[in-house]
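Peer 1: The structure that follows is given in the form of structure tokens.
The values are calculated or read from the model by the stated rules, or taken from the named source; none is laboratory data. Please read these numbers as outputs of a predicted model, since none were measured by experiment. Cβ placement follows ideal geometry from the backbone for every residue including glycine, while neighbour counts extend to all protein chains displayed. These accessible areas exclude ligands, DNA and RNA; they are computed on the full protein's heavy atoms, side chains included. Shrake-Rupley method; radii C 1.70, N 1.55, O 1.52, S 1.80 Å.
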Amino acid sequence: MRINNTVKITSLAAAGLLALTACGATATSTTSGGSEPSSSSSSAASAAPSSSASASASAGSDGAAASSGSYKAAAWALPITDKGDKLGSMKGDSFSVDIYQVATDVASRDSMFLDKETKENLLKKGAPIVYVNYVVTNTSSADIPLSHSLVTPSAKYADWKYLGGMPSDSSSDGFKKYGLSSSGMKLKEKDPFVLKPGESFNIAENFGYTPGKEAEISATMTPAAADGKLDHDKKEQAKTTVTLK
């Protein structure tokens with residue numbers, strides 16, 4: 001999970017905890033409708049784990065690329081799963097992202113992010129979380145060379161009042177449990193990661209779960225130049241708003 005402008009708790013022995021700075025929600029929703037403000041740690045969702053699909057192959061597999069449904073995985077990508085409820089999709093000029101709600105569970109540990117005023121953890125151990133999988137596809141007619149940053153979609157509730165993104169459960173166990181990956185690529189692969197026309201890869205995240213709540217999803221793709229550096233002149237962005245099941 002990518003969370004900018006937030007401060008990590010660097011050690012248990014720290015004299016004080018630096019907290020997130022609250023601010024007004026600034027993201028713009030692509031659909032109408034509002035929701036009552038709430039934090040990830042106060043979700044009313046059931047804490048019982050559930051999944052729209054059983055776990056697939058281990059996310060750390062180094063096996064051959066696999067296809068799932070209408071997707072063809074890139075040679076460097078982990079097998080693609082299209083299990084779960086499809087919440088929507090979004091498109092850039094040369095890529096698309098399909099969004100799947102795969103499973104709900106509970107956080108295995110406290111996050112490292114606190115509310116500045118209340119000192120409450122923004123994602124407590126045992127709080128309900130949701131796993132969302134993103135399938136990214138090259139919809140252009142040309143190869144897209146990518147760096148290790150790939151295309152990394154992220155979600156944020158429309159009423160999220162803190163700078164940056166939302167906290168997540170950092171444990172890899174949940175991703176493995178549901179056959180997901182937070183990296184999207186096989187181990188020991190080297191960049192550039194060339195995404196050929198029609199090829200896909202998937203990458204997942206988790207965050208605090210509130211059923212029926214709107215989440216804004218955004219993704220940025222910055223291709224790699226011939227020298228390996230990011231080609232910011234060719235950066236593309238996509239965004240949409242979905243409603244969690």
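Peer 1: Do we find a residue being surrounded by fewer than 24 Cβ atoms within 10 Å (Cβ to Cβ), modelled with pLDDT under 95, assigned to a loop (DSSP other than H, G, I, E, B) and not β-branched (Val, Ile, Thr) anywhere in region 192-205?
Peer 2: Yes, that holds for at least one residue.
Peer 1: Would it be correct to say that residue 93 is touching a strand residue (DSSP E or B) at 6+ places or on another chain (Cβ under 6 Å), in a loop (DSSP other than H, G, I, E, B) and in contact (Cβ under 8 Å) with a residue 24 or more places away in the chain?
Peer 2: Yes.
Peer 1: Still on this structure, I have one more. Which one of these does residue 141 not meet: (1) more than 15 Å from the chain's Cα centre (by Cα); (2) of a type in the set (Gly, Ala, Ser); (3) not in a loop (DSSP other than H, G, I, E, B)?
Peer 2: Result: residue 141 passes all but (3).
Peer 1: Quick one: how many residues across region 159-191 are open to solvent by 50 Å² or more (accessible area, probe 1.4 Å), of a type outside the set (D, E, K, R) and farther than 17 Å from residue 127 by Cα?
Peer 2: Total satisfying the criteria: 4.
Peer 1: Is it true that residue 129 is in a loop (DSSP other than H, G, I, E, B) and under 26 Å from residue 178 (Cα atoms)?
Peer 2: Considered against the rule, which asks whether it is in a loop (DSSP other than H, G, I, E, B) and under 26 Å from residue 178 (Cα atoms), residue 129 comes out as no.
Peer 1: Please count how many residues of region 144-162 are part of a loop (DSSP other than H, G, I, E, B) and in contact with an Asp or Glu (Cβ under 7 Å, 6 or more places away or on another chain).
Peer 2: Counting residues in region 144-162 that are part of a loop (DSSP other than H, G, I, E, B) and in contact with an Asp or Glu (Cβ under 7 Å, 6 or more places away or on another chain) gives 3.
Peer 1: Sticking with this structure for a sec: Within region 159-170, which residues are modelled with pLDDT under 90 and under 21 Å from residue 99 (Cβ atoms)?
Peer 2: 164, 165
Peer 1: Those residues that are farther than 11 Å from residue 98 by Cβ and either buried (at least 22 other Cβ atoms within 10 Å of the Cβ) or at pLDDT 95 or above (or both), I need them from region 65-78; list them, please.
Peer 2: 72, 73, 74, 75, 76, 77, 78
Peer 1: Also: What pairs come out if I take residues in region 134-155 that are more than 11 Å from residue 94 (Cβ to Cβ) and at pLDDT below 95 and pair them with residues that are polar (S, T, N, Q) and in a strand (DSSP E or B) whose C-beta lies under 8 Å away, six or more apart or interchain?
Peer 2: As it stands, the answer is 152/220; 153/218; 154/218, since those pairs meet every condition given.
Peer 1: Just to be sure before I move on: is residue 210 part of a loop (DSSP other than H, G, I, E, B) and out of contact with any helix residue (DSSP H, G or I) (no Cβ under 7 Å at 6 or more places or on another chain) in the structure I sent?
Peer 2: In short, yes.
Peer 1: Let me ask you something else. Quick one: is residue 106 of a type outside the set (Phe, Trp, Tyr), in contact with a Gly (Cβ under 7 Å, 6 or more places away or on another chain) and in contact (Cβ under 8 Å) with a residue 12 or more places away in the chain?
Peer 2: Taking the combined requirement at face value, the residue satisfies it.
Peer 1: Being within 13 Å of residue 157 (Cα to Cα) and of a type in the set (Val, Ile, Thr) is the filter; apply it to region 206-235 and report the residue that is most open to solvent (accessible area, probe 1.4 Å).
Peer 2: 210
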